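A short worksheet on the structure shown next.
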Amino acid sequence: MSTALAVTTAAAAAETRGFLSPTGVEIAFLLVGVVTFGAAVVTVTTRQLVHAALWLVVALGGLAVEYLLLTAEFIAWVQVLIYVGSVVVLLLFGLMLTKAPIGRSPDADSGNRPVALAVAVAAAAALVWVVVDAFRTTWIDLSGPAAGTTAVTGASLFQSWVLPFEALSVLLLAALVGAIVLSRRTGGTDGSDGDRRSTAPAARTGSGPDPAAPDKEGAR
Amino acid sequence: MHLAYPAVLSALLFATGLYGVLARRNAILVLMSVELMLNAVNLNLVAFDVWLDGIARDTLHSGQALTLFTIAVAAAEIGIGLAIVLAVYRNRGTSDIDRLRDTAESGDDPDDAGPGTAAAAAEKAEATA
């Protein structure tokens, strides 16, 4: 009953609040949103691979600010820690390990770029149309107690979501073990490819008096 | 705040990531675009969670819990994905997904399998290095 009342009052509040008179939070959200969207567009269109990763930092950091504006502070800091802190670093390491060119790479985009653009524009138009049509009058009440403080998030996470949380930790462990298994060399342990080719047969025979082979095995 | 603002931003970010996944050629750039799409979903989850917290006194906070789970799954995904990309790069000398056509149906593609593939891949690796 109180829920329905809250819905009606929120709807009434949204009726009185038009899009032409935005509040301060909305203006901040719009500005940061424009920056975030622009950084995302540059990320997917730039021809310099390292610049794409760095623009991804801007986009993800902008999203963290949006989470802060939505009063979800714990999610915002987790976003900064996980995405900006580790995922982008991993991507940069991946770019370096695959010997990505530093300058402009002319073949960063594939040949089906117009089709991709058409699909993306169609998806964006459909999604924006549906979302705006559905939530035109919906109002988020940010004035009450913050919905995403660390205390609130932690309480809900460790009261209602303990089992998925623990299952997720097992999943993360399995993924890390899988990543280690995938990225492990089957021949040598480290060094360049030429080094691997030269040491792999010696390590595989293993019977010869090769002092390097046990070291390699131990290092693995 | 109107719920339409975060929802529209999320839709636009998702479409941007979709374009990147379809148009990019380097596998790591495709992974970046996948991250953009996952982040668009996260923004939606947080916005709707805050909205429901306001109107329904939702104490479960499922949106934020799901956002944390999505972030963790995305971290696992990027680790596995990069390991796969590095393994492919080590075996083929390229991380260009247009060249990985081993399971393609038509065999008449000039880039396709055959003795020329290794030479083409090596040439490609030299060109990109």
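Accessible area of A:GLU166 (1.4 Å probe, protein heavy atoms only, ligands and nucleic acids ignored): about 90 Å².
Between the alpha-carbon centres of segment A:62-134 and segment B:5-28 there is a gap of 6 Å. Okay, which of segment B:72-107 sit inside 18 Å, backbone N to the point 7 Å along the Cα-Cβ direction of A:VAL170? Taking a point 7 Å out along Cα→Cβ of A:VAL170, the residues of segment B:72-107 whose backbone N falls under 18 Å are B:72-73, B:76. Around B:LEU13, under 13 Å between beta carbons, what's the net of Lys plus Arg minus Asp minus Glu among the other residues? Net local charge, B:LEU13 excluded: -2. Peptide A:97-108 shows a mean partner chain C-beta count of 5 within 10 Å per residue C-beta.
Across peptide A:133-145, the average count of Cβ atoms from other chains found within 10 Å of a residue's Cβ is 5. The label-point distance for B:ASP98 and B:THR59, in a model that sets each label 7 Å from Cα toward Cβ, rounds to 5.7 nm. Here the Debye sum runs over all C-alpha atoms of segment B:4-98 as equal scatterers in vacuum, and log10 of I(q)/I(0) at q = 0.13, 0.20, 0.21 Å⁻¹ comes out as -0.54, -0.95, -1.00.
Between A:LEU54 and A:THR186, the FRET efficiency from the beta-carbon distance, with R0 = 35 Å, is close to 0.55. Of the chymotrypsin sites (Phe, Trp or Tyr not before Pro) found in segment A:19-101, the ones in coil according to DSSP and having at most 14 other Cβ atoms within 10 Å of their Cβ are A:PHE19. Computed from phi, the 3J(HN,Hα) profile of segment B:39-53 under the Karplus parametrisation 6.51, -1.76, 1.60 (θ = phi - 60°) reads 5, 4, 5, 4, 4, 4, 4, 5, 4, 6, 5, 5, 4, 5, 5 Hz, with x in place of Gly and Pro. Averaged over the residues of peptide B:88-95, the number of Cβ atoms from other protein chains lying within 10 Å of each residue's Cβ is 3.
Of the whole protein surface, B:ASP98 contributes about 50 Å² of accessible area at a 1.4 Å probe radius. Of B:VAL41, A:VAL170, A:VAL128, the residue with the largest accessible area leads and the full order is A:VAL170, B:VAL41, A:VAL128 (1.4 Å probe).
Rounded, prolate or oblate: pick one for segment A:48-129, where a ≥ b ≥ c are the square roots of the eigenvalues of its C-alpha gyration tensor, a/c under 1.5 means rounded, and failing that, prolate if a/b is larger than b/c, else oblate. Verdict is oblate for segment A:48-129.
The values are calculated or read from the model by the stated rules, or taken from the named source; none is laboratory data. Just so you know, these numbers come straight off a predicted model, no measurement behind them. Virtual Cβ from ideal backbone geometry, glycine too; neighbours counted across all protein chains shown. Remember, those area values only see protein heavy atoms, side chains included, never the ligands or the DNA or RNA. Shrake-Rupley method; radii C 1.70, N 1.55, O 1.52, S 1.80 Å.
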